[in-house]
Amino acid sequence: METFEKVIDSSIAYLVGRTSRSIIKRLTKKFSDAEFDVSYEQWSILVHLYRKDGQTQQELSNIAVKDKAAITRLLNVLEKKNIVLRIPDRNDKRSKLVYLTNKAKDFKPELIAVVEELLEEAEQGIPLEEMARCKTTLNKIFSNFDRLNQ
């Protein structure tokens, strides 16, 4: 049983997965309490569009680390909610560029405020140095997998 606990219950994969599910659950509740009709998955797309508006679905797929089908489903929902729109790319007729609507731009500050509250909750009681080490380590783990998944 000790080996099982070591491999499963205390593994970095289990701990990161459990933490991720907890963050998703909490952020979903916070968005709902603030009366935003945006899921965690939809937020993960909006973040990248807030950074750079007018990306292709393929670019969003790559940067969000999601497959094309998942991106298409998320964009379909966001489009129905009038949060994004897809416009044919002038340089490549096979491709569409995804843009934020004015509605999405207008509620950006409120969405970010909700996320900032969540981050404050997450980092409560954790010294800054420890948080910085944790982020560095998680980024290294991501890079290891990103390199292997290419």
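The values are calculated or read from the model by the stated rules, or taken from the named source; none is laboratory data. None of the values given here were measured: they were computed from a predicted structure. Here Cβ is always computed from backbone atoms with ideal geometry, including for glycine, and neighbour counts include all displayed protein chains.
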- Close pairs from the stretch 128-142: first surrounded by 11 or more Cβ atoms within 10 Å (Cβ to Cβ), partner part of a helix (DSSP H, G or I), Cβ under 8 Å, at least 6 apart: Met131/Glu123; Leu138/Val16; Ile141/Ile12; Ile141/Val16
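Within the stretch 28-38, count every residue that is in contact (Cβ under 8 Å) with a residue 24 or more places away in the chain and not β-branched (Val, Ile, Thr). Steps first, answer last, please.
Taking the stretch 28-38 first, the residues in contact (Cβ under 8 Å) with a residue 24 or more places away in the chain are 30-31, 34, 36-38.
Then drop every residue that is not not β-branched (Val, Ile, Thr), which leaves 30-31, 34, 36-37.
Here the count works out to 5.
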- Message: Being of a type in the set (A, V, I, L, M, F, W, C) and assigned by TED's automatic domain parsing to the domain that holds Lys103: is that true of Ile71 here?
- Response: yes
- Task: Filter the stretch 46-64 for residues that are in contact (Cβ under 8 Å) with a residue 12 or more places away in the chain and either in a loop (DSSP other than H, G, I, E, B) or basic (Lys, Arg) (or both) and give the result.
- Result: Asp53, Gly54
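State all residues of the stretch 81-92 that are loosely packed, with under 13 Cβ neighbours inside 10 Å and either in contact (Cβ under 8 Å) with a residue 40 or more places away in the chain or more than 24 Å from Ala113 (Cα to Cα) (or both); if no residue qualifies, say none.
So the first thing to find is which residues in the stretch 81-92 are loosely packed, with under 13 Cβ neighbours inside 10 Å, and the list is 82, 87-88, 90-92.
Within the stretch 81-92, Ile87, Pro88, Arg90, Asn91, Asp92 qualify.
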- Select from the stretch 47-74 the residues that are surrounded by 13 or more Cβ atoms within 10 Å (Cβ to Cβ), over 14 Å from the mean Cα position of the chain (by Cα) and under 25 Å from Ala113 (Cβ atoms) and list them in ascending order. Asp53, Gln55
- Restricting the first residue to the stretch 13-27 and requiring it to be within 19 Å of Phe145 (Cβ to Cβ), which pairs with a second residue that is among the hydrophobic types (A, V, I, L, M, F, W, C) and assigned to a helix (DSSP H, G or I) meet a Cβ separation below 6 Å and a spacing of at least six or different chains? Tyr14/Ile8
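Take the stretch 50-107 and flag every residue that is small (Gly, Ala, Ser) and touching a Pro at 6+ places or on another chain (Cβ under 9 Å).
Going through the stretch 50-107, the residues small (Gly, Ala, Ser) turn out to be 54, 61, 64, 69-70, 95, 104.
Within the stretch 50-107, just Ser95 meets the criteria.
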- Is at least one residue of the stretch 26-45 surrounded by fewer than 15 Cβ atoms within 10 Å (Cβ to Cβ), in a helix (DSSP H, G or I) and of a type in the set (Val, Ile, Thr)? no
- Query: Can you name every residue in the stretch 93-115 that is farther than 22 Å from Val65 by Cα and loosely packed, with under 10 Cβ neighbours inside 10 Å?
  - Reply: Lys93, Asn102, Pro109
